[in-house]
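Taking it in order: structure first as structure tokens, then the write-up.
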């Protein structure tokens, strides 16, 4: 008697495997993990009995595997349900004899099977690390793979939950990656200001910190003391396991409760335009709202780029009320960080607080920019708006300029919102004026660099979801890979290797200028600016050529 296999599992799993990108991903991962081991494999017949050499390789291998899970796993479940819903096949599945539980767990199993292949691709490298000696099979490799398996399960259920609410595949990918990065990095911030704190605030900060897998993985890698100060003070491994399992179950239950015919219901409030209200209502809204989202928009002035205005009005973060909210949050956050340094809430110096501010700004830029930029061209092609743009008298240069300016103004506004924090730092220590100026230049280069890479990579794909996923992976790789090399400084990477890696983007230079601990001994300026300028110029040229090619007659 043959075993009955859920047909959704086969359809989902084989659908992922048929994609050339999946094969390329597995191939690149296998080569990368093998290369990480071969870099430090003993060249002679001697064995390092202390195990330090194998630990060096294990660190690069472990952080690379963690980055692979964070970058690759969320994309597939994030588009699983929304693609079915938009193509009309979800209604057919719900009308089939399959139960909603069979449909959900079939899709979940298909995603998890591909994630298992990603982990299996790393086994040769893991076996080589273990063969070098000095790595505990249970407390080292075994615990690392347990953490990654839990992380895969959590990201899969989270992505499917977001997919059940999203209206488009690219929106699902953006939201999922934003939540994943927030869970990975931002959950570490509260305990940074209350290290070892007691009471309700300290307990909440410790539990929130346990949401992130980074402290647990760093403890496994033997980096428990690197940059600790509350970020990596204690493992909290049991808390991480409990939170990950409970959150995954909650995500799955919510998604299952939505997997019925009500998932197609889209109720929208009718709404009333402000100009159609009574005189008293209009006066009240003028007093209550600086920017009224329900007011009729004026015509486009002759001196403004119409493509830029169109992007602002069609994009959520381009609308004025959302920009004001975002700027207010950034300004308050930067002031709180600097206030913590000024009032000695923590024992950190101004340099450490400045480094934390730089990292939070970079995370914000890395999360926002691919979301805003990846769909500039692919969104038009995917939604059918590109043909309308081609019919207008707008030149390719004007389209490129309008598209890029719509994102650049948003990012610069967010960057300027953090200036109050730096002004307080200068007030606390006036001699830091020159450092702050250099840091702001580095952050401006970071915005331009990220914008150029995101726009160029996103324009190469026709479908927005694919463009968003690839752009996120590319941008995060460019920013995180040098940090992984920095974590392996002196073992296995030498000083010159780390210095060259940090020059690949302006973030390392900003941390070096602000004298963040661990970055003071590198000479990164002005080489990092030249590298950022050359890469940005090349990417802008590639973006312009792609737009010019797409505007040509077929």
Open item on the list: Taking the criterion of being over 29 Å from residue 72 (Cβ atoms) and assigned to a helix (DSSP H, G or I), would at least one residue in the stretch 455-477 satisfy it?
Closed with: no
Open item on the list: Residues that are over 30 Å from residue 220 (Cα atoms) and out of contact with any strand residue (DSSP E or B) (no Cβ under 6 Å at 6 or more places or on another chain): does the stretch 118-127 have at least one?
Closed with: no
Open item on the list: Anything in the stretch 539-549 that is touching a residue at least 60 places away in the same chain (Cβ under 8 Å) and either surrounded by fewer than 18 Cβ atoms within 10 Å (Cβ to Cβ) or outside any helix (DSSP H, G or I) (or both)? List them, or say none.
Closed with: 542, 548
Task: Residue check, residue 454 in contact with a helix residue (DSSP H, G or I) (Cβ under 8 Å, 6 or more places away or on another chain) and within 19 Å of residue 537 (Cβ to Cβ) - done: yes
Open item on the list: Could you check the stretch 390-410 and list, in sequence order, the residues that are modelled with pLDDT under 85 and surrounded by 19 or more Cβ atoms within 10 Å (Cβ to Cβ)?
Closed with: 410
Open item on the list: Out of 415, 376, 388, 438, I need the residue that is without any contact (Cβ under 8 Å) to a residue 60 or more places away in the chain, part of a helix (DSSP H, G or I) and within 29 Å of residue 477 (Cβ to Cβ). Which one?
Closed with: 415
Task: Flag for residue 82 being at pLDDT 80 or above, in contact with a helix residue (DSSP H, G or I) (Cβ under 9 Å, 6 or more places away or on another chain), in a helix (DSSP H, G or I) and over 22 Å from residue 474 (Cβ atoms) - done: yes
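Conditions (1) modelled with pLDDT of 85 or more; (2) more than 30 Å from residue 386 (Cβ to Cβ); (3) within 23 Å of the chain's Cα centre (by Cα), marked per residue:
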| residue | (1), (2), (3) |
| --- | --- |
| 514 | no, yes, no |
| 520 | no, yes, no |
| 524 | yes, yes, no |
| 530 | yes, yes, no |
| 535 | yes, no, yes |
| 539 | yes, no, yes |
| 543 | yes, no, yes |
| 548 | yes, no, no |
| 552 | no, no, no |
TODO: Kindly indicate whether any position in the stretch 487-497 is part of a helix (DSSP H, G or I), in contact with a helix residue (DSSP H, G or I) (Cβ under 9 Å, 6 or more places away or on another chain), farther than 15 Å from residue 529 by Cβ and in contact (Cβ under 8 Å) with a residue 40 or more places away in the chain.
DONE: yes
Task: Checklist (1) surrounded by fewer than 20 Cβ atoms within 10 Å (Cβ to Cβ); (2) over 23 Å from residue 16 (Cα atoms) applied to residue 460, failing item - done: (2)
TODO: May I ask you to verify whether residue 317 is part of a helix (DSSP H, G or I), at pLDDT below 60, within 23 Å of the chain's Cα centre (by Cα) and closer than 24 Å to residue 398 by Cβ?
DONE: yes
- [ ] Could you check the stretch 147-253 for helices (runs of 4 or more DSSP H) lying wholly inside it with 1 or more residues that are at pLDDT 90 or above?
- [x] 169-184
Open item on the list: Which condition from (1) over 30 Å from residue 381 (Cα atoms); (2) surrounded by fewer than 18 Cβ atoms within 10 Å (Cβ to Cβ) is the one that residue 498 breaks?
Closed with: (2)
Open item on the list: For residue 109, only one of the following conditions fails: (1) in contact with a helix residue (DSSP H, G or I) (Cβ under 8 Å, 6 or more places away or on another chain); (2) modelled with pLDDT under 85. What is its number?
Closed with: (2)
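The values are calculated or read from the model by the stated rules, or taken from the named source; none is laboratory data. A quick note: this is a predicted structure, and the numbers were derived from the prediction, not measured. All Cβ positions, glycine included, derive from the backbone under ideal geometry; neighbour counts span all protein chains shown.
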